[in-house]
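Here's the structure we're looking at; comments come further down.
The values are calculated or read from the model by the stated rules, or taken from the named source; none is laboratory data. Worth saying up front: this structure is predicted, and the values here are computed from it rather than measured. Here Cβ is always computed from backbone atoms with ideal geometry, including for glycine, and neighbour counts include all displayed protein chains.
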Amino acid sequence: MPVPTRRTLLLFTAGMLLALGPSLGLSWLWAAWLAYCAALIVLVGVDMLHAPPRSKLRVELDAPETLYIGEPAAARLELNFGRPIPTPVRVLLDLPGLFEPAPAYEGECPPAGLEVRFDLHAKRRGNATIESVWVRYPGPLGLIAWNVRREVERRIAVAPNILPARRMALRCAQDRHFYAGLKIERYRGDGSEFDSLRDFTVGDELRTVHWRATGRHRRVLSQQFRAERNHQVVVALDAGRLMSEPFVGDVPRLDRAVAAALVLGFVSLKSGDRCGLFAFADRVRAWRKPVSGMAGFRALQQQTALIDYSRAETNFTLGLTSLTRKLSRRSLVVVLTDFVDSIAAELMVENLGRLARKHVVVFVTLRDPLLAAWAHAVPQDVLSLNRAITAASFQRERQTVLRRLERMGLHTIDAEPDRIGPEIINRYLDIKRREQI
């Protein structure tokens, strides 16, 4: 429907000044005021008649069918009125609640049409529909503006972020040295599984000499070993209330953990191990038995897409006890979770200790960058001083819990959200090289 613009309101306000004339004894201004109003109404009517008709507006939206959480994507919108628009148009994409609001576009519309690019930033996983586009354009005189809504009905699936795993796959495919180091060379000489024979060199231990092969080939040959493969790796994801909350300006913690879990799944499957997935909150939310081979990565990806956000508190006793019952052999268990203080973490620590008696446990928490910034900021007033003291107190309690877990035999990782993936991979490779599983 048409609405008056700011220019119309200013002209109407100027006409009201003429209406004050008769009250000051200038009765002849009545005729001037009536003529002014009539002229303004005529101009508004002319502006409405010469504005581009709404029926001529054509809108096409090109948006990706799948968008990965934490990764921006672009939506391209094409507008065409069939004729030039002399004044700026304003375009707004009506985004659902899963996305951050996109700023409106305002600019000229050329005769050939207008192409607008909107950046899409998903806040949470799920399925969403971009239902409509709002276009506001004025008439040639700028007195009347039309607000037009066009339905586009574009469905978008916001999926777990597998792009870090894809980048890892491309690195493996393009960098032969990285691929070799990941599968064999990184562990060669440190393990107990026979790999190959090579000529004995100065510095090799005598226990590595293969005497039977030496006699057969009539030269001293040394055995080369590598770390054992076909281990069982299980990623345990906390999907409770705290993990469903985002950091300031970031995606939910759970989605950061899912992205790191997929990277670990890819690397472990690529290196010959088996990888499984377990998710829990107030109850068990997902369980995927360890799979092997790169074909199993697809199964892990599909399983992570089914893990929903939860408002319930995490039951570590139920979750970790259920996981222990599901594991029939010694495994590397990577627990991705978070906690606020040592009191809330008491049950978590107790159940992690039980799990570590039978398995190798890597405890991973996501460090809040804002909390660290507050703790190290120079106080400027009383409020910032109290904030710094509170943040430092939380950090000390966090370190106390981590040191306690390390004394219980667990491996701990406390890193910022964008660093947990590389930190987990480095710790996994180190554990594998040392054959601690």
Exercise. Does A73 satisfy being free of Cβ contacts under 8 Å to residues at least 24 places away in the same chain, surrounded by 13 or more Cβ atoms within 10 Å (Cβ to Cβ) and not hydroxyl-bearing (S, T, Y)?
Worked result: no
For this session: Looking at (1) surrounded by fewer than 15 Cβ atoms within 10 Å (Cβ to Cβ); (2) among the small types (G, A, S); (3) outside any helix (DSSP H, G or I), find the lone condition where S342 falls short.
Result: (1)
Exercise. Is it the case that A373 is part of a helix (DSSP H, G or I) and more than 24 Å from G240 (Cβ to Cβ)?
Worked result: yes
Exercise. Can you name the residue in segment 115-148 that is more than 31 Å from the chain's Cα centre (by Cα) and assigned to a strand (DSSP E or B) and is also farthest from L43 (Cα to Cα) among such residues?
Worked result: V148
Exercise. Among the residues of segment 295-319, how many are surrounded by 12 or more Cβ atoms within 10 Å (Cβ to Cβ), outside any helix (DSSP H, G or I) and not hydrophobic (A, V, I, L, M, F, W, C)?
Worked result: 6
Seminar exercise, completed: Within segment 310-348, the residues that are within 25 Å of the chain's Cα centre (by Cα), under 14 Å from G240 (Cα atoms) and among the aliphatic types (A, V, I, L, M) are A312, V335, L336, V340
For this session: With respect to V362, determine if the residue is in contact with a helix residue (DSSP H, G or I) (Cβ under 7 Å, 6 or more places away or on another chain), closer than 24 Å to G421 by Cβ and outside any helix (DSSP H, G or I).
Result: yes
Problem set entry | Verdict on G181 being more than 30 Å from L77 (Cα to Cα), outside any helix (DSSP H, G or I) and modelled with pLDDT under 70 | no
Problem set entry | Among (1) under 26 Å from G70 (Cβ atoms); (2) touching a residue at least 40 places away in the same chain (Cβ under 8 Å); (3) not small (G, A, S) - the single one R298 does not satisfy | (2)
Problem set entry | segment 327-358, residues that are free of Cβ contacts under 8 Å to residues at least 60 places away in the same chain and either under 26 Å from D430 (Cβ atoms) or not assigned by TED's automatic domain parsing to the domain that holds D255 (or both) | S328, A345, M348, V349, N351, L352, G353, R354, L355, A356, R357, K358
Problem set entry | Test set (1) more than 26 Å from L320 (Cα to Cα); (2) assigned to a loop (DSSP other than H, G, I, E, B); (3) in contact (Cβ under 8 Å) with a residue 24 or more places away in the chain - G409 fails condition number | (1)
For this session: Spot the failing condition for E100; the list is (1) within 23 Å of P417 (Cα to Cα); (2) at pLDDT below 85, and only one is missed.
Result: (2)
Seminar exercise, completed: Exception for I424 within (1) in a helix (DSSP H, G or I); (2) farther than 29 Å from L318 by Cβ falls at (2)
Exercise. So, in segment 261-294, of the ones that are over 18 Å from the mean Cα position of the chain (by Cα) and among the β-branched types (V, I, T), which residue ends up surrounded by the most Cβ atoms within 10 Å (Cβ to Cβ)?
Worked result: V267
